[in-house]
Amino acid sequence: MSAAWMPLPKNAEQMRPGLRFAEELLLLLLDKDTGALAPVPERSLRCALAGAVLLDLALENRIDTDLERLFLVDSTPISDDLLDPGLRLIARAAETRDTAYWIERLAEPAHARQVRRDALDRLVEKGILERETGGLLSVAHRVVRSRRYPQVGGEAGREVELRVMTVLFSEEIPDPRDVMLIALVNACGIFGRLLSPGEMTEVRDRIELICKMELIGRTVLAAIRQAGVPRVESVHGRRPTLRSRAARARALDAIPLADGGGLPIVGNAFRMLGDPIPYLARQYREKGPVFRVRAFSHAFTVLAGPEANTFIQRHGRQHLRNVDFYASMTRALAAHRFILGMDGAEHFRLRKVLRNGYSKSYFLDRIDDAVGTVVREIDDLPVRTPMAAMPILQRVIGKQIGVLCTSVRADEYMEDLVTYLDGAIAVMMMRRPRFVMRTPRMRRARAGLEALCEQLLKAREAEHREANAPDLIDDVLALHQADPQFMPETELMSACIGPFAAGLHTAASVATCMLYELLKHPGTMTRVIREADALFADGGPTAGKLRGMDVTHRVGMETLRLYQVAPALVRTVVNAFEFEGYAIPAGTTVMFANTVPHVLPEYFPEPHRFDIERYGPERAEHRQPGVYAPFGLGTHRCLGSGFMEVSLALTLATMLHRADITMHPRSYRLKMGYSHLAAPKSSFKIMVTPRQ
């Protein structure tokens, strides 16, 4: 039935590549500068993936088409998860339908999104893509250099963008498979997102000519057009929404106010003092996923619940900006670039450079160094003497970061690091004036940090270099050498203290809360000690043993749920959007209450009870979409989350293996401080006794 200027080979094996059309389509859409797929309209992408499935089924001789109908040729499964679900749908149909009907069926959200997920997972498994935190993807280094795909031979192994652009911008006779891919991309209006208007003008006639070369490509194109996907000429980018100040005000006024706006002048500020999540959760119950809160002169549009978490994960990079909220902290650090206060391509580039030094695998390669740091600190503690727990964990985590991330023991600089970072965070979170960073105390702390950075740089000189694998500082300095404009000398200090900024507060707070919960739950403590002793038996800690510490890992997960050290994310809307029926205009400051689902009983029954069984395979409460987000969401999801998870497990295991730890007094109930970040108060004290 397929008859065309360029017919399909009778033997489909001649055209079967190492990649399916859906995989090639997603590779073509991947923006290498940002790690995100090009912002193609959702419906266009779903129709493109549906067309990709039909094209591959045709090449596998399972279906055929003419201008009016799509026929089942062979219902035998292909043993391919991308294609077999669509084949089953076609095989079960009671009557023969046209191609447009099957485009609509296969473009249904559940099916198309599964195809997308499976295709991306395959590309990661094949070593073509690497998965970053926050849902970002990057092309593997070997592909970037060779412009060829591993495990894919022949012409199909050439990078798909290189193949397609070579066809479009030359007179080269295209491969039949590339003809079909170009027809598919054109049918869904995607070239308008990949090419500039000038380039589109240059190649429009060439695209039209190529699309006429293969009948099944023309058939799928016509079916997608019938499904209502816009033509390529009309898709050159999203249409901006320019609103007057009055129009923006009307849009925001339509959003319900928490407690009717709260008190005069102060608004809702007093009700959000301390832990804001219970208050925001109540408002979510009453107002829904969108509401507004006021705190003195500041107003926030709050997006809460699983709906908001799902939105920021999928669409945050297109609509939101991080830099405004962190600008004051960036300035307080005397920097222009700080990873928390960056967005877009520059942020993605810096994350790629830093990811190895913040990774779980890097930590696991240096377990002995991590253990040694904890042992030295615990063995030096006074015996059976009440001590505040948080400073102990802060020193342990900080020194561990120094050794692992910088290859330098930063012991003598811990006080300066804590002082300076506390000040910078207070300027950001508490809106303290910037002159706070110029007081004599802060100047002394800054001098200490500069001395630390000089020591870090000196340690990289050949005569001082130890035989360690490249660490985070080496990666930062390599970027400085490669692009001194992007990473100049003036930015080196802020980049070097970045891991301390996270660990000295977030990781240390979580570790302290973990220890408290274990002391309050002796049955769970016994199970964790059993895992700790097994970790140190038979040759000591290894990566495999650490990964197998299931109980300890679940204690960490439950602690992160109960104690939200980063309870909300503040962003600026840079491109307007609609959410849950409300227009959110550009320029709006939004607060994503990402941990509100942590306290909702419909997702976590008895949410205020410590229960590590929530994370077992039978319940898996955290796997419900959008309900568990302790490390943030989207492109700014914590880069060091994997590092932190194994660091917490190893630190607690080492402490409990070396010492018996008791709480003083035993009846103490944990109090959290919220001066700028959530952290246990110094009233939580422990006593240590060496284990026999």
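The values are calculated or read from the model by the stated rules, or taken from the named source; none is laboratory data. Just so it is clear, the model here is predicted, and its values are computed rather than measured. Every residue, glycine among them, receives a Cβ derived from its backbone with ideal geometry; neighbour counts consider all protein chains shown.
Structure data summary
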| item | result |
| --- | --- |
| Leading residue by the ranking (surrounded by the fewest Cβ atoms within 10 Å (Cβ to Cβ)) among those in region 419-442 that are touching a helix residue (DSSP H, G or I) at 6+ places or on another chain (Cβ under 6 Å) and among the aliphatic types (A, V, I, L, M) | VAL436 |
| Subset tally (residues that are among the hydrophobic types (A, V, I, L, M, F, W, C), closer than 30 Å to LEU333 by Cα and not in a helix (DSSP H, G or I)) for region 364-418 | 3 |
| Some residue of region 618-632 being in contact with a strand residue (DSSP E or B) (Cβ under 9 Å, 6 or more places away or on another chain) and among the charged types (D, E, K, R) | no |
| Matching residues, region 135-167, being over 26 Å from the mean Cα position of the chain (by Cα) and among the polar types (S, T, N, Q) | SER146, GLN151, THR166 |
| Conditions (1) in a helix (DSSP H, G or I); (2) over 30 Å from LEU45 (Cβ atoms); number of the one not met by HIS336 | (1) |
| Pairs, first crowded, with 18+ Cβ neighbours inside 10 Å in region 157-170, second aliphatic (A, V, I, L, M), C-beta under 6 Å, six or more apart | VAL160/LEU27; VAL160/LEU28; LEU168/VAL203 |
| Residue identified as among the small types (Gly, Ala, Ser) and more than 19 Å from the chain's Cα centre (by Cα) among ALA345, ALA299, ALA304, ALA308 | ALA299 |
| Selection count, region 322-343, where residues are more than 20 Å from TYR358 (Cβ to Cβ), in contact with a Ser or Thr (Cβ under 9 Å, 6 or more places away or on another chain) and crowded, with 17+ Cβ neighbours inside 10 Å | 2 |
| Count of residues meeting criterion [part of a helix (DSSP H, G or I) and touching a Leu at 6+ places or on another chain (Cβ under 6 Å)] in region 482-495 | 1 |
| Residue identified as touching a helix residue (DSSP H, G or I) at 6+ places or on another chain (Cβ under 6 Å), under 15 Å from LEU303 (Cβ atoms) and not acidic (Asp, Glu) among PRO607, PRO597 | PRO597 |
| Cβ pairs under 6 Å, 6+ apart, first in region 579-591 and at positive phi, second buried (at least 19 other Cβ atoms within 10 Å of the Cβ) | GLU580/PRO289; GLU580/VAL290 |
| Conditions (1) closer than 30 Å to ALA659 by Cβ; (2) of a type outside the set (D, E, K, R); (3) at pLDDT 95 or above: number failed by VAL565 | (3) |
| Conditions (1) within 25 Å of THR689 (Cβ to Cβ); (2) touching a strand residue (DSSP E or B) at 6+ places or on another chain (Cβ under 9 Å): number failed by GLY344 | (1) |
| Odd one out for ALA94, checked against (1) in contact with a strand residue (DSSP E or B) (Cβ under 6 Å, 6 or more places away or on another chain); (2) of a type in the set (Gly, Ala, Ser); (3) part of a loop (DSSP other than H, G, I, E, B) | (1) |
| Subset of region 105-160 (residues that are of a type in the set (D, E, K, R), at pLDDT below 90 and more than 21 Å from THR34 (Cβ to Cβ)) | ARG148, GLU155, ARG158 |
| Sole exception among (1) outside any strand (DSSP E or B); (2) surrounded by 15 or more Cβ atoms within 10 Å (Cβ to Cβ); (3) in contact with a Pro (Cβ under 8 Å, 6 or more places away or on another chain) for MET687, by number | (1) |
| Considering residues of region 33-79 that are at pLDDT 90 or above, surrounded by fewer than 24 Cβ atoms within 10 Å (Cβ to Cβ) and acidic (Asp, Glu) only, the residue farthest from the chain's Cα centre (by Cα) | ASP74 |
| Filter result (touching a residue at least 40 places away in the same chain (Cβ under 8 Å) and surrounded by fewer than 20 Cβ atoms within 10 Å (Cβ to Cβ)) within region 290-299 | HIS298, ALA299 |
| Among the residues listed as ILE182, ILE173, the single one being within 29 Å of ALA58 (Cα to Cα) and buried (at least 22 other Cβ atoms within 10 Å of the Cβ) | ILE182 |
| Selection status of MET644, closer than 30 Å to GLY372 by Cα, assigned to a helix (DSSP H, G or I) and either in contact (Cβ under 8 Å) with a residue 60 or more places away in the chain or touching a Ser or Thr at 6+ places or on another chain (Cβ under 8 Å) (or both) | yes |
| Filter result for ARG443 (of a type in the set (Lys, Arg) and at pLDDT below 90) | no |
| Selected residue (only one of THR588, THR552 is modelled with pLDDT under 95 and not hydrophobic (A, V, I, L, M, F, W, C)) | THR588 |
| Unique match (being touching a His at 6+ places or on another chain (Cβ under 6 Å), touching a residue at least 40 places away in the same chain (Cβ under 8 Å) and buried (at least 19 other Cβ atoms within 10 Å of the Cβ)) among MET487, MET493, MET514 | MET487 |
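Residue-by-condition table, conditions (1) of a type in the set (Val, Ile, Thr); (2) out of contact with any Pro (no Cβ under 9 Å at 6 or more places or on another chain):
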residue: PHE536; (1), (2): no, yes
residue: GLY539; (1), (2): no, yes
residue: LEU562; (1), (2): no, no
residue: VAL570; (1), (2): yes, yes
residue: GLY581; (1), (2): no, yes
residue: ALA593; (1), (2): no, no
residue: VAL596; (1), (2): yes, no
residue: LEU600; (1), (2): no, no
residue: PHE604; (1), (2): no, no
